[in-house]
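The values are calculated or read from the model by the stated rules, or taken from the named source; none is laboratory data. Model, not experiment: these values are computed from the prediction. All Cβ positions, even for glycine, are placed from backbone atoms using ideal geometry, and neighbour counts span all protein chains on display.
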Amino acid sequence: MRRVLSVLLTAAVAAASTPLSIAQPAGSPDAEATLQRIFAEALARGQAYDHLRELVGRHPGRLSGSKALEDAIDWAERTLRSVGADTVFRQDVQVPHWERGARETAVLLRAGGTESLAVVALGGSVPTEGAGVVAEVIEVKSLDELATLGRSRIAGKIVFFNRPMDPAIVRGTEAYRQAVDQRSRGPATAARYGAVAAVVRSMTHALDDQPHTGGTSYPAGAPRIPGAALSTVAAEKLSAALRTGPVQLALKINSRWLPDAPSHNVIAEIRGRELPDEIILVGGHLDSWDIAPGAHDNGSGVVQSIEVLRLYRALGIQPRRTLRCVLFTNEENGLRGSTAYVNRVKERKEKHLLAIETDNGGFQPRGFNLGSTQGDAHERAAARWRALFEPYGIHVFMKGTAGADIGPLLVQGITVAGLLPDSQRYFDYHHTTQDSLDKVNPRELHLGAAALTALVWLADTQGL
């Protein structure tokens, strides 16, 4: 067995070192060999993890408006040049600038004494006034429950949203989607009923004392109240205390809004040899939450997208169409980078065959989601390419809308796609201080980069 494995590995590495000066035509029997070369190069000589170490180690907390993000943009431009892109340039973007200020505090007040709870302000939250807000807590499981209770029960209180992510849902991303309205719209909805603040159970399956931040928003002209996330352990403590009788919470948030700040999307290209005016996009978002190193969200997507260009150069593949890497700014709290890019596409009437964004972490790749206004792109892709991907543990082709930055391109009729890594651990770290380099496995990260490269190559050589 060892001898067989040795022979296979030797053959794969040898194949990886053989340049591909011309990509194989559609329907070529060499597609299998090309994917073998892509995966072998990524696994044997991949640079994505080294790039991630630099990005996360030097530029953690890359929130819009921060120096950390702008320094990361400089890093991205240098790195894209180093992997051999034909052109690298910046697209100007004005981004929102929110800062959380000094560390937040939440203290449970009850007859038996006081207890500090692990808490973090939600991104975009307004601050508490003066020394903070102290009020009785009312627990709810949904936004709809607020309407049932009515203003008379809610006014003057702190609303506690405590609906967990559903553990029965297999895909973590779907469980997150079904629970996150409490965070994104909870404070604004509670404010309509006269609440003085809102706290929400962190968006994670994990039971620990690590609070998860994330964006919350308020409709224009509507009342605004402070919003924060409690760790799941803190949420359990608060819920247990409420079962014994009324309790109060003392909450202090020190955030502030500043004027919009200049930022940039970073764009790099390898020009197509046959159809240079047609574009295949691959990208991720450079920004992260201010408390997060941002290794999985979305440093992994950034370095995997850069690695696609490196793999093309390392293997000597010249794409038929122009291969474009876009590293978006301001995905986490505004999508201004996405808006700027989509406007550019409209103004220049650029044609995209496919747009891919990877923003689900750097775990073991399981497949892709694809979306198209012209039919079921995921079924077509599965029928043509699943057999090529299955040797690498990649077999899922499901309908979807890909990442938030490229979602607007779907509306324009462009086929979009996203990498689907295993999602069971992603929300253990998502939007926390724990989203660090040590949580990323190098081989899993490089497998994801290879999967993206293979999808790009297949779409480019065989079309959609």
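Scanning segment 281-340 for residues that are small (Gly, Ala, Ser), touching a Ser or Thr at 6+ places or on another chain (Cβ under 8 Å) and closer than 21 Å to Leu63 by Cα yields Gly283, Gly284, Ala292, Gly294, Ala295, Gly299, Ser300, Gly301, Ser305, Gly334, Gly337.
The criterion of being within 26 Å of Gly337 (Cα to Cα), in contact (Cβ under 8 Å) with a residue 60 or more places away in the chain, surrounded by 17 or more Cβ atoms within 10 Å (Cβ to Cβ) and outside the structural domain of Arg171 (by TED's automatic domain parsing) does not hold for Asp428.
Taking the conditions exactly as written (within 13 Å of Gln304 (Cα to Cα) and acidic (Asp, Glu)), does Asp50 satisfy them or not? Considered against the rule, which asks whether it is within 13 Å of Gln304 (Cα to Cα) and acidic (Asp, Glu), Asp50 comes out as yes. Here is the figure for segment 87-111: residues that are in a strand (DSSP E or B) and either touching a helix residue (DSSP H, G or I) at 6+ places or on another chain (Cβ under 8 Å) or surrounded by fewer than 16 Cβ atoms within 10 Å (Cβ to Cβ) (or both) total 14. In this structure, is Gly334 under 27 Å from His446 (Cβ atoms), under 18 Å from the mean Cα position of the chain (by Cα) and assigned to a loop (DSSP other than H, G, I, E, B)? Taking the combined requirement at face value, the residue does not satisfy it. Taking residues in segment 312-336 that are assigned by TED's automatic domain parsing to the domain that holds Arg273, and partners anywhere that are among the basic types (Lys, Arg) and buried (at least 24 other Cβ atoms within 10 Å of the Cβ), the pairs with Cβ atoms closer than 7 Å and at least 6 places apart or on different chains are Leu315/Arg37. Of the residues in segment 384-401, at least one is in the same structural domain as Lys349 (by TED's automatic domain parsing), part of a loop (DSSP other than H, G, I, E, B), within 23 Å of Arg177 (Cα to Cα) and touching a Leu at 6+ places or on another chain (Cβ under 7 Å).
Per the conditions (1) surrounded by fewer than 18 Cβ atoms within 10 Å (Cβ to Cβ); (2) at pLDDT below 95, the sole criterion not satisfied by Gly403 is (1). Applying the criterion of being in contact with a helix residue (DSSP H, G or I) (Cβ under 8 Å, 6 or more places away or on another chain) and hydroxyl-bearing (Ser, Thr, Tyr) to the residues of segment 339-383, the residue that is farthest from Ala404 (Cα to Cα) is Thr373. The residues of segment 342-366 that are surrounded by fewer than 24 Cβ atoms within 10 Å (Cβ to Cβ), more than 22 Å from Gly61 (Cα to Cα) and not hydrophobic (A, V, I, L, M, F, W, C), listed by number, are Asn343, Arg344, Lys346, Glu347, Arg348, Lys349, Glu350, Lys351, His352, Gln364, Arg366.
So for segment 444-462 (the condition being crowded, with 17+ Cβ neighbours inside 10 Å, outside any strand (DSSP E or B), charged (D, E, K, R) and under 15 Å from the mean Cα position of the chain (by Cα)), does at least one residue qualify? Scanning segment 444-462, I find no residue that is crowded, with 17+ Cβ neighbours inside 10 Å, outside any strand (DSSP E or B), charged (D, E, K, R) and under 15 Å from the mean Cα position of the chain (by Cα), so the answer is no.
For segment 75-86, the condition holds for no residue, the condition being that it is touching a Ser or Thr at 6+ places or on another chain (Cβ under 7 Å), of a type outside the set (Asp, Glu) and crowded, with 21+ Cβ neighbours inside 10 Å. Regarding segment 139-156, can at least one residue be identified that is in contact with a strand residue (DSSP E or B) (Cβ under 9 Å, 6 or more places away or on another chain) and among the small types (Gly, Ala, Ser)? The answer is yes; a qualifying residue exists. When the strands (runs of 3 or more DSSP E) confined to segment 166-285 are screened for residues that are basic (Lys, Arg), surrounded by fewer than 17 Cβ atoms within 10 Å (Cβ to Cβ) and at pLDDT 95 or above, those reaching at least 1 such residues are found at 256-270. Any idea which residue in segment 112-165 is nearest to Thr432 (Cα to Cα), counting only those that are outside any strand (DSSP E or B) and either outside the structural domain of Ala240 (by TED's automatic domain parsing) or hydroxyl-bearing (Ser, Thr, Tyr) (or both)? For segment 112-165, the residue satisfying everything is Ser125. Of the residues making up segment 427-443, those that are in a loop (DSSP other than H, G, I, E, B) and aliphatic (A, V, I, L, M) number 1. Exactly one residue out of Val126, Val134 is more than 27 Å from Asn333 (Cβ to Cβ), in contact (Cβ under 8 Å) with a residue 60 or more places away in the chain and surrounded by 13 or more Cβ atoms within 10 Å (Cβ to Cβ): that is Val134.
For Leu63, the criteria (1) within 15 Å of Asn265 (Cβ to Cβ); (2) touching a helix residue (DSSP H, G or I) at 6+ places or on another chain (Cβ under 8 Å); (3) crowded, with 16+ Cβ neighbours inside 10 Å; (4) not basic (Lys, Arg) hold in every case but one, which is (1).
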